[in-house]
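The structure under discussion appears below in the form of structure tokens.
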């Protein structure tokens, strides 16, 4: 009995300490002094991030109050020691899922597709989907509420090349899996799914009759003049790509994906990504901005909009309550994108090392929200 009381007291003390820490952090983040030099604040944090070995080359792009800021840190290549800049191209990885869902919204607004459409209607002449997937809709795919696993076991079995894991997958692998929908949960269960978003990109191809990369270019990239954003690496763009490195600092290749391209196959630079940010900040920025801003809205009472992830508990603790964001990580790259339409700013972080930059990005969001530009 005495031991139970002691344990109860310890739990109470730990709970009070945790709550006290929460209140302290909340107070600190809500009462940050504006030193009126946002550029210097970003420089300080980014330089420290590089020095700590989290990245070899880093680019930060910021839009706030009508002003745009770009700065590169570190190097594009261990051998060259040249800092990256706003035109340096990085692999976006999963951050480019937002291109898939933005294109979806544009097709919805053109009345070519409905979010409530069931996926079987797109595939009726290609595969009969298991009964586990008969009620899965386009909206479920776009919000990670489809119940599909991140990757099916049948896919993982073929992904034997750790340096380029997706390269051996083919379209038939999608259809073979859909016949069984092994390990699929009921719709409404949140499970971040690369397969689900990749399937969405494939269904958009089928509906439009246009290959995924070309479709995204026509609907999204060309209207925003994002001329240095692409999924296919060739002689016209490969020299602009910075070298990527794995988490141990070893040179890593660009990931190749011909099947789940909608899950994150684009490369881009900070200059282009800031154009995307601006289009997601102001409804009249471009002819497609109203559609893009629609993708921010919470869907099905879940944790996402269309592709966009809503403010997490960690974001809220830092006071970043109004952001929508996404991150990405591949074999040699990492990225983070956030937009705060309420406070009128956005940020893109691009890194050439496979170390998640989300926590770093969240801290920069706090900095951007609380600091003003140097007068």
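Read-outs: derived from the displayed coordinates by stated rules, not from any lab. Keep in mind it's a predicted model, so treat the numbers as computed, not measured. Because the Cβ atoms are built from the backbone with ideal geometry, glycine has one as well, and the counts that use them run over all protein chains shown.
Structure notes:
- Most mobile listed residue (360, 99, 148) in the chain, GNM with C-alpha springs under 10 Å: 360
- Convex hull volume of the C-alpha atoms in the range 159-263, normalised per residue: 164 Å³.
- Computed lengthening from residue 294 to residue 79, 0.36 nm per intervening residue step minus Cα-Cα distance: 73.0 nm
- Summary value for the range 101-141: 42 percent relative contact order, contacts being C-alpha pairs under 8 angstrom separated by 6+ residues.
- Result for the chain in a Gaussian network model with C-alpha springs under 10 Å: among 107, 300, 145, the largest mean-square fluctuation is at 300.
- Tensor-based shape of the range 123-198 (alpha-carbon gyration tensor, a/c under 1.5 rounded, otherwise prolate or oblate): oblate
- Order of 123, 199, 38 under a 10 Å beta carbon neighbour criterion, fewest first: 123, 38, 199
- FRET E, pair residue 372, residue 48, Förster distance 22 Å, beta-carbon r, rounded to 0.05: 0.55
- The range 242-366: C-alpha gyration tensor shape, a/c 1.5 cut-off, then a/b vs b/c: prolate
- Estimated purely from DSSP H runs of n ≥ 4, each contributing -39500 (n - 2.57), the mean residue ellipticity at 222 nm for the chain is -10500 deg cm²/dmol once divided by its residues.
- Gap separating the Cα centres of the range 124-162 and the range 315-375, nearest whole Å: 30
- With a cut-off of 12 Å on the backbone N, no residue of the range 135-178 is near the modelled label site 7 Å out from residue 301 along Cα-Cβ.
- GNM remark for the chain: springs join alpha carbons under 10 Å apart, and the peak mean-square fluctuation among 87, 204, 337 falls on 87.
- Remark: the residue 126-residue 162 segment gains 9.9 nm on full extension, using 0.36 nm per residue and subtracting the alpha carbon distance.
- Cα shape, the range 46-87, gyration tensor, a/c 1.5 rule: oblate
- For the chain, share of DSSP beta bridges that run antiparallel, in % to the nearest 5: 95
- Linear extension gain, residue 342 paired with residue 218, 0.36 nm per residue minus alpha-carbon span: 41.7 nm
- Per-pair calculated FRET efficiency, R0 = 45 Å: residue 258 and residue 186 via Cβ, rounded to 0.05: 0.90
- Its Cα gyration tensor gives the range 58-121 an equivalent ellipsoid. The semi-axes, each the square root of 5 times an eigenvalue, are 37, 17, 7 Å from largest down.
- Fewest-first sequence of 373, 255, 325 by Cβ atoms within 10 Å of each Cβ: 373, 255, 325
- For the chain, relative contact order (Cα pairs under 8 Å, six or more residues apart, normalised by length) works out to 26 percent.
- Neighbour counts of C-beta atoms inside 10 Å place 42, 206 in the sequence 206, 42, starting with the fewest.
- The range 54-106 and the range 241-270: distance between their alpha carbon centers, rounded to Å: 13
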